[in-house]
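Encoded as structure tokens, the structure appears first; notes follow it.
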Amino acid sequence: MSLWEKATNELLDIIEWTDDSADTMVWRFPRFDNEIKYAAQLVVRQSQAAVFVNMGTVADVFTSGMHRLVTENLPVLTTLAGWKYGFHSPFKAEVYFINTRNFTNLKWGTKNPVIVRDPELGPVRLRAFGSYVIKVSDPRKFVQEIVGTGGHFTTEGITEQLRNLIVTRFSDLLASSQIPLTDLSAQYNELSKELTDKIAPEFLEYGLEVTKLLVENIALPEDVESALDKKSSMGIIGNLDNYLKFQSANAMEAAAGNPGGDASAGVGMGIGFAMANQIGKSMAGHLDASAPGSPPPFAKPDHQYFIGRDGKQSGPYDAAAICSSIVNGTISRDTLMWRSGMEKWESAGQFVEFAHLFKTPPPLP
């Protein structure tokens, strides 16, 4: 400090701090050799507090207002310095201005994923992010526990420690909450309140108060999000058969409006889906028809069949009865049969609806 600055500071009789920053929490008033004139004026603005420190010990604390620094207004400092009869000369003390306003939009987040066990998906890795708001509630304790001898202290000097504290408590809270992953987004408010209640006493140990804490997002791994999206899509589609029919109809409508265009590819896909669906149904029908008493896949419910043996006919029989007779050997491939709509009698092996029941494996080589 130059001689001119020394002389200027000694002539000053007003001690004040006008804060023009967004993150300064503590600022020490600069004075040569920490000398303060007797009866100097101390100006403490709104959202400020002034802390006097003598020989490393916190003495008097002043709240907002204008204060005249005399013996009567500095009881603790007077006692520490041993001024039993007062003083009228400059005295030594460090003056720290504490910013007691809310410091907003401070961020917190998990550096590493938190592993939780979901009732449906099992162990899942989660990341969480949020914001919080703090303010200095106890200037004396804040200077003693956090500031030390620094002349300029910002939020950057404390947020790392506070962030680690929030993440640790949140990880424990999330793991013990047993909330299903699909319900987490509906529990942000409850989780924010529980986390605030959990960490508030620990912040108070530093002279700080948590005025607001928010859980803004809990993120799932990309592969888990993809699996959930697919599951949601299937739920929206619902009946897959109806969905394929709908897609085929849309493709054919597009092809009709643009012959030979790109829509023809959609037609092919739609018809392919429809054919695959019909083939699947047909195969299922064939399998079911092999059971005795099951109606054949191509028979109509109103068909009535007659059987001819030794020049005599018997019947009518329904399709299920014919199937049972073929399976148990009563009707062979050469047995004559007739149904309405036919011009003449045919062997049973010629009826397409029963042909699959007469197929036998080829002889072994």
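Working from the Cα coordinates of the range 305-358, the gyration tensor eigenvalues give, after taking √(5λ), semi-axes of 15, 12, 11 Å in decreasing order.
Which FRET efficiency, nearest 0.05, do ASN328 and HIS356 yield, Cβ-Cβ r, R0 22 Å? FRET efficiency, ASN328 to HIS356: 0.85. Look at where the Cα atoms of the range 130-182 and of the range 315-351 average out, and the two centres are 87 Å apart.
With each label modelled as a point 7 angstrom along the Cα→C-beta vector, the GLN313-GLN178 pair spans 7.5 nm.
In this structure, the pairs whose alpha-carbon distance is over 24 Å, taken from LYS111/LYS141; LYS107/LYS193; LYS107/LYS198; LYS37/LYS135; LYS312/LYS359, are LYS111/LYS141; LYS37/LYS135; LYS312/LYS359. The length gained on full extension between ASN164 and ARG101, counted as 0.36 nm times the residue separation minus their Cα-Cα distance, comes to 20.4 nm. Gain on full extension, evaluated as 0.36 nm per residue between LYS92 and GLU120 minus their Cα-Cα distance, stands at 3.3 nm. Each label point was placed 7 Å from the Cα along the Cα-to-Cβ direction; for GLU35 and GLN187 their separation is 6.5 nm. Computed from the Cβ-Cβ distance with R0 of 35 Å, the FRET efficiency linking MET66 to GLU145 stands at 0.75.
Tell me the relative contact order for the range 305-358 as a rounded percent, counting alpha carbon contacts under 8 Å between residues six or more apart. Across the range 305-358, relative contact order equals 31 percent. For GLU209 and ARG127, the difference between the fully extended length at 0.36 nm per residue and the C-alpha to C-alpha distance is 27.0 nm.
Over every Cα atom in the range 19-79, the radius of gyration and the widest Cα-Cα span, Dmax, amount to 12.2, 36 Å. Ranked by how many other Cβ atoms sit within 10 Å of their own Cβ, fewest first, the residues MET25, MET337, MET55 fall in the order MET55, MET337, MET25.
Each value in this text was obtained by applying a stated rule to the coordinates, not by laboratory testing. Since this is a predicted model, take the numbers as computed values, not measurements. Positions of Cβ are backbone-derived with ideal geometry, glycine not excepted, and every protein chain shown enters the neighbour counts.
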